[in-house]
Amino acid sequence: MKLLSIAVPCYNSQDYMEKCVRSLVVGGDEVEVLIVNDGSKDDTARIADALAQKYPGIVRAIHQPNKGHGGAVNTGLENATGMFFKVVDSDDKVKASTYKTILDTLRKFSTKEGEEQLDLLISNFVYDKEGSTHCKVMEYRKALPKDRVFSWDETHRFKKGQYILMHSVIYRTALLRECGLKLPEHCFYVDNIYVFNPMPHVKIMYYLDVNFYYYFIGRNDQSVNEEVMIGRLDQQARVNRIMIDYFSDGVASGLIEEKSHVYKYMYNYLEIITTITSVLAIRSDDDEKMQIMKDIWAYLSQKDAKLYKKMRNGAFGIALHLPGRAGRRIVKTGYSIARNIFGFN
C-alpha cells in the first residue's frame, strides 16, 4: 500500500499539467500520482502516458470518457491504493520543501490495525494569482490546534466566511469510501461537496500550519473566474441544493448533532456557499440569474424552515435581501472589498 494517493483530474491540460505532476513526484515511492485524463481533446493523453513511463511506480495514467471534474475525482478515488487521498488540480502545484513535512506526518499514522487512525490532515494553501505581487495565504491557526491530533470538540470558532477548501485537505482513503462519497458528474464546483460531505464522519484531525498547496487563479477560462461562474450559476446552485439536502438530512437523522462543533462549522460553510450563489446572481444584473437566487432561498425554505429562518435572519441573509438598487449596490461593494482582501476570483 502507498502512503498517499494524489488524483490529478485533467481535461485539456496540456499546457500546465506536467509542471503540476513534477511537483508531486518529489514525494517519491511512497506516493502514487493518478493522472485522470477526462476525455481530453488536446495532447493531455500523450503527456499523461509519457509521465507514467518516465516515473514508473509513481505515476499512473487513467483514461476515461469525459465525466467532468467530479467524475475524474470519483475515478481517482476508485483506483487509489494509498492510505491517504488528496486531489490536486492540474494547473496547481505543491511546495517541495513542505512536502516532506506532510509525508512525515502522514507516516506517523500509517499504523497497525486497532491503533489511532487519522481521518483528516489539514494544511494551508496559497492563492497563487496571476500577475499579483501579493499572494494571500489561507490558514487556520486561530481555528484549529496545531501540530497534534484533535477532535471537533477541540476546534475553535471559524471566522465568518472562513471554511476549509479542497486544497487544504488530505483524507483517509477508507473514510471517503466508507461514507459513500460520490461526486456528481458533468458539474462544476463539486469540490465543495468533496470537502463538505465527509466532515460528520471525521473524528481525528491534525493541522499543520505550513503552506503546502499553491492554488493558481487568473486564467480567463477558469471555472472560478467571476464571469464564468455567473455563466454557470445553475451548476453552482445545483451544488448548493445538494449541500442543503445533505446538511438538513444529516441533522434530521442525527448524523450531525445540533450545537456540536461540526454542526457550527458545516452551517458556516453552507451559509457562505449560499451567499456566493446569491452575490453572483446580484452582480450579474440579469433577471434569469436573479431568479436562480430566489429559487435557492425558496428551496431552502421548503426543505428546512428552521434552517431557512436562521440563515435568512443572519448577517449575510439580511444583507443579501436589502431592497432595491441601493441594496444591490451595497452587496456588490461588499463583495469587491472582500475580493481585494482575500484575493479570490
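The values are calculated or read from the model by the stated rules, or taken from the named source; none is laboratory data. Quick caveat, the model's predicted, so the values are computed rather than measured. Methodologically, a virtual Cβ is constructed for each residue, glycine included, from the backbone with ideal geometry; neighbour enumeration extends over all protein chains shown. The area values use the complete protein model at the heavy-atom level, side chains included, leaving out ligands, DNA and RNA. Shrake-Rupley method; radii C 1.70, N 1.55, O 1.52, S 1.80 Å.
Numerical summary
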read-out	value
Considering residues of region 292-330 that are in a loop (DSSP other than H, G, I, E, B) and either among the basic types (Lys, Arg) or over 20 Å from Ala252 (Cβ atoms) (or both) only, the residue farthest from the chain's Cα centre (by Cα)	Pro323
Answer residue from region 6-24, given it is open to solvent by 20 Å² or more (accessible area, probe 1.4 Å) and not polar (S, T, N, Q) and is nearest to the chain's Cα centre (by Cα) among those	Tyr11
Matching option when the condition is of a type in the set (Lys, Arg) and either open to solvent by less than 10 Å² (accessible area, probe 1.4 Å) or touching a Leu at 6+ places or on another chain (Cβ under 6 Å) (or both), among Lys95, Lys108, Lys86	Lys86
Which listed residue, of Arg329, Arg238, Arg325, is of a type in the set (Lys, Arg) and within 28 Å of Asp91 (Cα to Cα)	Arg238
Number of the condition not met by Ile272 [criteria: (1) within 17 Å of Phe158 (Cβ to Cβ); (2) open to solvent by 30 Å² or more (accessible area, probe 1.4 Å); (3) modelled with pLDDT under 95]	(2)
Matching entry among Lys146, Lys93, Lys100 (being in contact with a Cys (Cβ under 7 Å, 6 or more places away or on another chain) and at pLDDT 95 or above)	Lys93
Conditions (1) open to solvent by 10 Å² or more (accessible area, probe 1.4 Å); (2) in a helix (DSSP H, G or I); (3) under 18 Å from Phe196 (Cβ atoms); (4) modelled with pLDDT of 95 or more; number of the one not met by Val239	(1)
Single match in Thr155, Thr173 (criterion: at pLDDT 95 or above, in contact with a strand residue (DSSP E or B) (Cβ under 6 Å, 6 or more places away or on another chain) and surrounded by fewer than 21 Cβ atoms within 10 Å (Cβ to Cβ))	Thr173
Inter-residue pairs, beta-carbon under 8 Å, first open to solvent by 10 Å² or more (accessible area, probe 1.4 Å) and polar (S, T, N, Q) and in region 189-200, second outside any helix (DSSP H, G or I) and at pLDDT 95 or above, 6+ apart	Asn197/Cys179; Asn197/Leu181
Inter-residue pairs, beta-carbon under 7 Å, first within 20 Å of Leu118 (Cα to Cα) and in region 71-97, second at pLDDT below 95, 6+ apart	Thr81/Met1; Gly82/Met1; Met83/Met1; Met83/Ser110
Condition check for Leu118: within 30 Å of Phe150 (Cβ to Cβ), surrounded by fewer than 21 Cβ atoms within 10 Å (Cβ to Cβ) and not basic (Lys, Arg)	no
Wholly within region 1-117, strands (runs of 3 or more DSSP E) carrying at least 2 residues that are of a type in the set (Val, Ile, Thr)	2-10, 31-38, 59-64
Hits in region 142-152 (condition: open to solvent by 20 Å² or more (accessible area, probe 1.4 Å) and in a loop (DSSP other than H, G, I, E, B))	Lys142, Lys146, Asp147, Arg148, Ser151
Met166, sole failed condition from (1) more than 17 Å from Thr81 (Cα to Cα); (2) open to solvent by 40 Å² or more (accessible area, probe 1.4 Å)	(2)
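Matching residues to (1) out of contact with any Phe, Trp or Tyr (no Cβ under 9 Å at 6 or more places or on another chain); (2) within 19 Å of Ile6 (Cα to Cα); (3) among the acidic types (Asp, Glu); (4) part of a strand (DSSP E or B):
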{"site": "Arg157", "(1), (2), (3), (4)": "yes, no, no, no"}
{"site": "Lys160", "(1), (2), (3), (4)": "no, no, no, no"}
{"site": "Ile164", "(1), (2), (3), (4)": "no, yes, no, no"}
{"site": "Tyr171", "(1), (2), (3), (4)": "no, yes, no, yes"}
